[in-house]
1. What residues have an amide H closer than 5 Å to that of ALA68, excluding those fewer than 5 places away on the same chain, when H is modeled at 1.01 Å from N in the peptide plane?
2. List, in the order given, every pair from LYS66/LYS127; LYS112/LYS264; LYS62/LYS275; LYS111/LYS166 whose Cα-Cα distance in the structure shown is over 32 Å.
3. Which value in Å does the Kirkwood hydrodynamic radius of the stretch 73-143 take, with 1/r averaged over all unlike C-alpha pairs and then inverted?
4. Set the Förster distance to 41 Å, then compute FRET efficiency between GLN270 and LYS126 from the Cβ-Cβ distance, nearest 0.05.
5. For GLU149 and ARG201, compute 0.36 nm times the residue count separating them, minus their Cα-Cα distance, and round to one decimal in nm.
6. Within the stretch 96-125, which residues have the backbone N less than 16 Å from the label spot 7 Å out from ARG134 along Cα→beta-carbon, could you tell me?
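Just so it is clear, none of the values below were taken in a lab; they were calculated from the coordinates. Because the structure is a prediction, the values reported are computed rather than measured. Neighbour counts are summed over all protein chains in view; Cβ atoms, including those assigned to glycine, are modelled from backbone coordinates with ideal geometry.
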Amino acid sequence: MEKKKQENPSDKSLLSAAQEQILDQRKKAVDKILQTIDAKKTDNSGEWVRTGIEGVDELLEKGIPKGASILVCGGPGSGKTIFCLQTLAYAASKGEKCLYMTFEEHPDRLKKHMLDFGWDPEELEKKGLLKIERFSPFDITRQVEAMLEQARGELLIDVKPMIFPKGFIPDRVAVDSLSAIASAFVGKEETYRIYIEQLFRIFEDVGATAFLISESTDVTKRLTVSGVEEFLADGVIVLYSIRHGTVRANAIEVLKLRGAGFQKRVVAMQIVPEKGIQVYPDQEMFTEIE
């Protein structure tokens, strides 16, 4: 028994090592954000929205500016999809029209995720407050290329028909994910950039608060696919999931939020069965962050 104790570090040591890894990721991610020329200005009308996720709203001074576009970045299994489903379920329950755009998972699977956490998508759908639509990134590629050819290179292309269901203009949107969209534009980076710029512009034009998922296998190297996404976005939320030995440490950070105050801290997070994401603002992962 004594030998076994020597071979297995304490949970405290494992968590400490995981915290160091998250801190290292955080510093490099901040450096990447600071290198981006943040030229876009947000028209802050004074209206604010809440995520409805326990603990996240406590990190925000007033909330998220209504109509802002927020990147939700993190690695596989860090909780990005749950984060977006949860905030849309909250908004829909408060009477907002919400659209979940999925480019990977089947809508039925996403609805099952919602039911597992106690959110009823069918009831929200019946009320006309929630739509979960599946899109093919390859269909979008072909349509964008056709429009560009027709417009002879002009950027003012109309991609609304490829986004919103007929007669449904959402108050809140989730895009899952930018990484899946980019996979259909391999070797066509300029076309992808045009589409992403138009996507952000449409959300801004209709006043929708948007949450756009970016799959980042290593946030120390890349937050988004091309870098244009963090330039266009009003905010960045990073979800960390680090495994060290037998212990996994989850954390969340508001890395950037243009036009609004927020707490610059990395705090503990859990994905709780039948509840969803819970964030603990008082449980800092680190005592001090430069």
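1. Residues meeting the amide H criterion: ALA210.
2. Numbers: LYS66/LYS127 23 Å; LYS112/LYS264 34 Å; LYS62/LYS275 24 Å; LYS111/LYS166 21 Å.
Violating the 32 Å Cα-Cα cut-off are LYS112/LYS264.
3. On the way: mean 1/r = 0.0778 Å⁻¹.
So the Kirkwood estimate lands at 12.8 Å.
4. Working: r = 31 Å, r/R0 = 0.76.
It comes out at approximately 0.85.
5. Numbers: separation 52, 0.36 × 52 = 18.72 nm, distance 2.04 nm.
This chain segment gains 16.7 nm when fully extended.
6. Flagged as within label range: 100-114.
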